[in-house]
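The values are calculated or read from the model by the stated rules, or taken from the named source; none is laboratory data. On a predicted model such as this, the values are computed, not experimentally measured, just so you know. For neighbour counting, all protein chains shown are included, and Cβ atoms are generated from backbone atoms with ideal geometry for every residue, glycine included.
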Amino acid sequence: MKTNKLALITGGSRGLGRNMANKLADKGINVVITYHTNKTEADKVVAEVQAKGVEALALQLDVSKADSFEAFVAELTGLLNSKFNTDKIDYLVNNAGVGLHTPLGATEMSVFDALTDIHFKAPYFLIQWLLPSLNDGGAIINISSGLARFTAPGYSVYGSLKAAVEQLSRYLAKELGPRQIRVNCVAPGAIETDFGGGAVRDNADYNKMIANTTALGRAGLPDDIGDVVAFLCSDESRWINGQRIEVSGGANL
Ligand code: NAP
């Protein structure tokens, strides 16, 4: 059943973000997704979601450019007014991201900076710019990673930035509590998407290694994550706040 709720999902053109958009639409939540370069896929997601009976829109956003967020929020607000008859969103999912292998000793500072911009600076400043646009009583979900808890050689920068996002989420849960806005992190284990060149999905040996180190004996699928994000964008999760929820089937326990 269609609700009057609206979610903004960054990186909604593929992978986990695409799945989240569909799962939110299944709950009757209208969605705005962002994409970076892939307008064709983003348009397909909009069509998928609209077929479920909710409103949807795709906007271009490069999350590595925080100085573009003010203009992005102005564009978003204008479109919300004209297409959704509101200037507010209820849910923000900071999902957009890339996985880059950066072993100590071979990490360019520019790559370190790019990862920091995408995985830490972007969630912080997008939330800050969207504060007036977020309805009180809403929710923010920041997508972290199992790699914030356990380690994989070459992912120290990525994993540390995800750990930073988890701590940020606890701080923001406290700061936004007076507005009844919940802030949580979802930390996926290894999931079969395009992420990291699609290795979890396409490399059979790697997929098997993940399955062997996961209590439930398989790699993750986008549905495993989308369902949890949809739950966090619902009243059923009203008392979950400031939490890191790992969704990994029990990886590296
Ligand atoms: P994916 O399939 O590679 O999709 C990445 C999405 O992010 C795409 O929509 C892409 O847009 C967008 N994106 C990439 N760089 C961007 C930028 N600079 N600005 C704006 N958007 C950008 O990856 P995924 O598996 O869905 O990953 C989503 C999130 O889950 C990431 O934060 C990732 O760190 C996290 N995560 C993933 C896994 C996993 O194993 N898959 C595990 C733990 C955590 P375009 O389509 O336009 O390129």
Filtered residue count, segment 206-225, keeping only those that are loosely packed, with under 14 Cβ neighbours inside 10 Å and touching a residue at least 60 places away in the same chain (Cβ under 8 Å): 1
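For the structure I just gave you, tell me whether Leu147 is without any contact (Cβ under 8 Å) to a residue 24 or more places away in the chain, under 19 Å from Arg244 (Cα atoms) and part of a helix (DSSP H, G or I). It would help to see each step written out before you state the result.
On the way: without any contact (Cβ under 8 Å) to a residue 24 or more places away in the chain: yes; under 19 Å from Arg244 (Cα atoms): yes; part of a helix (DSSP H, G or I): yes.
Yes; evaluated as a whole, the condition is true for this residue.
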Condition check for Ala148: within 11 Å of the ligand (Cβ to nearest atom), at pLDDT 95 or above and more than 16 Å from the chain's Cα centre (by Cα): no
Close pairs (9 angstrom Cβ cut-off, 6 or more residues apart or separate chains): part of a loop (DSSP other than H, G, I, E, B) in segment 187-200, acidic (Asp, Glu) and more than 7 Å from the ligand (Cβ to nearest atom) anywhere: Gly189/Asp224; Gly189/Glu246; Glu192/Asp202
Positions within segment 1-18 being of a type in the set (Gly, Ala, Ser), within 9 Å of the ligand (Cβ to nearest atom) and within 22 Å of Lys88 (Cβ to Cβ), in sequence order: Gly11, Gly12, Gly17
Restricting segment 149-179 to residues that are more than 17 Å from Leu104 (Cα to Cα) and aliphatic (A, V, I, L, M), the residue that is surrounded by the fewest Cβ atoms within 10 Å (Cβ to Cβ): Ala164
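Could you please let me know if Thr107 is among the polar types (S, T, N, Q), more than 16 Å from the ligand (Cβ to nearest atom) and surrounded by 16 or more Cβ atoms within 10 Å (Cβ to Cβ)? Please lay out each step first, then the result.
Values: among the polar types (S, T, N, Q): yes; more than 16 Å from the ligand (Cβ to nearest atom): yes; surrounded by 16 or more Cβ atoms within 10 Å (Cβ to Cβ): yes.
Judged against the criteria, Thr107 is a match.
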Residues within segment 19-48 that are near the ligand (Cβ under 7 Å from one of its atoms) and surrounded by 21 or more Cβ atoms within 10 Å (Cβ to Cβ), tallied: 3
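Just to check your reading of the model, which residue among Leu104, Leu161 is under 30 Å from Thr214 (Cα atoms), in contact with a helix residue (DSSP H, G or I) (Cβ under 8 Å, 6 or more places away or on another chain) and either in a loop (DSSP other than H, G, I, E, B) or not hydrophobic (A, V, I, L, M, F, W, C) (or both)? I'd like the intermediate steps shown before the answer.
Details: Leu161 fails: either in a loop (DSSP other than H, G, I, E, B) or not hydrophobic (A, V, I, L, M, F, W, C) (or both).
The conditions single out Leu104.
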Residues within segment 212-251 that are in a loop (DSSP other than H, G, I, E, B) and out of contact with any strand residue (DSSP E or B) (no Cβ under 8 Å at 6 or more places or on another chain), tallied: 5
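Restricting the search to segment 117-145, which residues are polar (S, T, N, Q) and away from the ligand (no atom under 12 Å from the Cβ)? Give the derivation first.
Step one: filter segment 117-145 for residues polar (S, T, N, Q), giving 128, 133, 135, 142, 144-145.
Passing the criteria: Gln128, Ser133, Asn135.
How about segment 1-101: which helices (runs of 4 or more DSSP H) wholly inside it have at least 3 residues that are free of Cβ contacts under 8 Å to residues at least 24 places away in the same chain?
On the way: elements: 15-26, 39-50, 69-79.
Correct list: 39-50, 69-79.
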Residue match in segment 160-170 (condition: modelled with pLDDT of 95 or more, over 22 Å from Thr193 (Cβ atoms) and of a type in the set (Asp, Glu)): no
First in segment 130-143 and at positive phi, second anywhere and surrounded by 18 or more Cβ atoms within 10 Å (Cβ to Cβ) and assigned to a strand (DSSP E or B), Cβ under 8 Å, 6 or more apart: Gly137/Asp90
Single unsatisfied condition, Ile210 versus (1) in contact with a Gly (Cβ under 8 Å, 6 or more places away or on another chain); (2) within 28 Å of Val183 (Cβ to Cβ): (2)
